[in-house]
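One structure below.
The values are calculated or read from the model by the stated rules, or taken from the named source; none is laboratory data. The shown structure was predicted, so the numbers you read here are calculated from the model rather than taken from an experiment. Note that we place each Cβ from the backbone using ideal geometry, even for glycine, and neighbour counts take in every protein chain shown.
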Amino acid sequence: MPELPDVEIFKQEAEKALHKRIDNVEIKDSDFVQATQQEFEKHVIGNELQEVWRKGKYLFLETGNQSTVVLHFGMTGLLKYAPETEEPTRYVKLTLELDNKNHLHYICKRKLGSIEITGDSGKYTDQLDLGTDAFQIGEDEFKEKLKASQATIKSFLMDQSTISGIGNVYSDEMLYQSGIPPTIKSSKLSGKKIRRLYKKMKRVLKMAIDKEADVSQMPKTWLLPNREEGGDCPRCDGKIKKVRVSGRTAYYCPSCQQK
DNA sequence: CATAATGTTTAAGA
DNA sequence: GTCTTAAACATTAT
């Protein structure tokens, strides 16, 4: 589930290839990879991986001369760094072959997600229209944006053009831990709840990254490991409910989460 | 077999 | 212009 914490882990995976030269590129699914072999030859092959950075759910691989590989992971994408002797077989869309006999693979079961190359990453990111990264945003900006919104709070958190990086699963988690129902209007939140949500947003993201975005490592008192209809709420006697909010499935505890 | 699934984009309606 | 829904994308898991 590639949201901000997952992509942050992919960033760490890509950083294993930092300062290695990219000797070759294998496009394994040309339907999926937007860039052509020629573009990889021009922008990537023969260059070192100089820097890896993330904004929201996007990951950027800088390969010098203002060349950037832009990755989005859709719902099922991931990165894997492995020796050339341990090739993954299924769902590989792209492989970067490094000069140390290791490979960086982009793997995706489904076709939601993208791989592109740009010669102007500034212009490219502007076009993506991403709001401030959820891990970077300050409390004042958060408060201001929230008060200006007419949307429900869950919708607000997931809107990538306002704040980037938060998706369906982690928005549920933040709202659960803040005791806020997902369908309440953002503008109706009390100052106290806004403050609480801001703090929980940061804490949930940080903890999730510390736990390598691995659900099995998350605290049992979190919603995440209990995210199913009718499941027991880990913090009260209530049962977890499922509702549709902004086209997605939200899980919450009606008794813990009240305005 | 039918259904829902972590995301984004687009279109249409309120 | 804002916000919400639904559909589409392709494939897997239940």
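Results, tabulated for the structure shown:
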| quantity | calculated |
| --- | --- |
| Region A:61-76 - residue that is out of contact with any Ser or Thr (no Cβ under 7 Å at 6 or more places or on another chain) and within 13 Å of residue A:122 (Cα to Cα) and, of those, surrounded by the most Cβ atoms within 10 Å (Cβ to Cβ) | A:67 |
| Every residue from region A:180-234 that is of a type in the set (A, V, I, L, M) and either free of Cβ contacts under 8 Å to residues at least 24 places away in the same chain or under 19 Å from residue A:150 (Cα atoms) (or both) | A:180, A:184, A:189, A:194, A:197, A:207, A:215, A:218 |
| So residue A:74, is it assigned to a loop (DSSP other than H, G, I, E, B), at positive phi, free of Cβ contacts under 8 Å to residues at least 40 places away in the same chain and small (Gly, Ala, Ser) | no |
| Flag for residue A:210 being within 11 Å of DNA strand C (Cβ to nearest atom) and acidic (Asp, Glu) | no |
| Residues within region A:186-216 that are within 16 Å of DNA strand B (Cβ to nearest atom), surrounded by 13 or more Cβ atoms within 10 Å (Cβ to Cβ) and of a type in the set (S, T, N, Q), tallied | 0 |
| Of all residues in region A:1-31 being crowded, with 20+ Cβ neighbours inside 10 Å and assigned to a loop (DSSP other than H, G, I, E, B), the one that is nearest to DNA strand C (Cβ to nearest atom) | A:2 |
| Total residues in region A:200-232, condition part of a loop (DSSP other than H, G, I, E, B), touching a strand residue (DSSP E or B) at 6+ places or on another chain (Cβ under 8 Å) and modelled with pLDDT under 90 | 5 |
| Hey, residue A:51 surrounded by 17 or more Cβ atoms within 10 Å (Cβ to Cβ) and of a type in the set (Asp, Glu) or not | no |
| Selection from region A:77-111 of residues that are within 13 Å of DNA strand C (Cβ to nearest atom), among the aliphatic types (A, V, I, L, M) and without any contact (Cβ under 8 Å) to a residue 60 or more places away in the chain | A:107 |
| Residue that is nearest to residue A:129 (Cα to Cα) [pool: residues in region A:15-40 that are among the charged types (D, E, K, R) and at pLDDT 95 or above] | A:15 |
| Members of region A:153-185 that are within 12 Å of DNA strand B (Cβ to nearest atom), basic (Lys, Arg) and either surrounded by fewer than 24 Cβ atoms within 10 Å (Cβ to Cβ) or in a loop (DSSP other than H, G, I, E, B) (or both) | none |
| Residue that is surrounded by the most Cβ atoms within 10 Å (Cβ to Cβ), among those in region A:77-97 that are assigned to a strand (DSSP E or B) and within 14 Å of DNA strand B (Cβ to nearest atom) | A:77 |
| Where residue A:247 falls short, out of the listed (1) surrounded by 13 or more Cβ atoms within 10 Å (Cβ to Cβ); (2) at positive phi | (1) |
| Considering residues of region A:111-152 that are within 11 Å of DNA strand B (Cβ to nearest atom) and surrounded by fewer than 12 Cβ atoms within 10 Å (Cβ to Cβ) only, the residue nearest to the chain's Cα centre (by Cα) | A:129 |
| Test result for residue A:107, touching a Ser or Thr at 6+ places or on another chain (Cβ under 9 Å) and within 16 Å of DNA strand B (Cβ to nearest atom) | yes |
